[in-house]
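The values are calculated or read from the model by the stated rules, or taken from the named source; none is laboratory data. Please read these numbers as outputs of a predicted model, since none were measured by experiment. Quick reminder, even Gly has a Cβ in these numbers, built from the backbone with ideal geometry, and neighbours come from all protein chains shown.
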Amino acid sequence: MNILVVAATESEILPSLSFLESKKADVLITGVGMVATTYALTKKLKTSSYDLIINVGIGGVLNKESQLGEVYRVVEDTIYRFGAEDGQAFLSMDNLGFGKSTFVEQFPQPWDTIALPTIKGLTVNTVHGNAESIEQLRLSYPSNVMESMEGAAVFYVANMEKIPVMQLRASSNYIEPRNRAAWQIGLAVANLNDCLQKVIVSLR
Ligand SMILES: O=C(O)c1cccc(C(=O)CC[C@H]2O[C@@H](n3cnc4c(=O)[nH]cnc43)[C@H](O)[C@@H]2O)c1
């Protein structure tokens, strides 16, 4: 199976680089954000074809009862507040009739890999960091969500190209008023890479 692993930054995938080379899986470092990700992935797919794209990274979670460092399979991912304000209401791209703002994982067949907790993803241009915007987020998403800056872009490109795709994301921080000192990036990156390697071994 030809696999492409997509990460925003090299530091998120560094512990797996030699493992991935030994498994003949390709790695793409896109840069942070939806625009950089869409460009880099689309360009890569012009010259190479894959049976599976795996997006990996760290992210923020809303539910403070969940443990930081936990690795999730993101089953769908929405571009947050992609649409128009109408007074106090919000009209999504779907409501406006301009297309979709939610994109989904798509399994290769046959699919058999390790069990992981699942979560919905939100992809943002601005990392949440103040109480008012986080309260607004909680009203729209009362259950837990995983926030990143790239997930929906990877799903979008893969869905458009009809390439199976999954997203593994480890929680590095809670979505809370900015508290960078509390981010557990080392733990999240270690768990993420451990999980990625298990998934790849299970697929081959
Ligand atoms: O220090 C900051 O405030 C900050 C702002 C933007 C990005 C970062 C990164 O560390 C970039 C790496 C990567 O991290 C993902 N990430 C991690 N936590 C979150 C979050 O709570 N909300 C959205 N994205 C998050 C993101 O996918 C970046 O690519 C630091």
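For this structure, a couple of remarks:
- Just one of the listed residues (Arg204, Arg138) is within 30 Å of Glu85 (Cβ to Cβ), basic (Lys, Arg), out of contact with any helix residue (DSSP H, G or I) (no Cβ under 7 Å at 6 or more places or on another chain) and modelled with pLDDT under 95, and it is Arg138.
- Inside the stretch 123-133, residues that are touching a residue at least 60 places away in the same chain (Cβ under 8 Å) and within 18 Å of Leu68 (Cβ to Cβ) make up a count of 2.
- Checked against (1) touching a helix residue (DSSP H, G or I) at 6+ places or on another chain (Cβ under 8 Å); (2) more than 16 Å from the ligand (Cβ to nearest atom), Val75 passes all but a single condition, namely (1).
- Residue within the stretch 131-145 that is in contact with an Asp or Glu (Cβ under 6 Å, 6 or more places away or on another chain) and either surrounded by 14 or more Cβ atoms within 10 Å (Cβ to Cβ) or among the hydrophobic types (A, V, I, L, M, F, W, C) (or both) present: no
- With respect to the conditions (1) assigned to a strand (DSSP E or B); (2) more than 16 Å from the ligand (Cβ to nearest atom), Lys120 falls short on a single one, namely (2).
- Of all residues making up the stretch 137-161, the number that are away from the ligand (no atom under 13 Å from the Cβ), in a helix (DSSP H, G or I) and over 23 Å from Phe107 (Cα atoms): 3
- Test for Ile3: is it touching a helix residue (DSSP H, G or I) at 6+ places or on another chain (Cβ under 9 Å), of a type outside the set (S, T, N, Q) and within 16 Å of the ligand (Cβ to nearest atom): no
- All of Pro164, Pro110, Pro117 fail the test of being modelled with pLDDT under 95 and not hydrophobic (A, V, I, L, M, F, W, C), apart from Pro110.
- Wholly within the stretch 1-108, helices (runs of 4 or more DSSP H) carrying at least 3 residues that are over 20 Å from the mean Cα position of the chain (by Cα) and without any contact (Cβ under 8 Å) to a residue 60 or more places away in the chain: 17-22, 93-96
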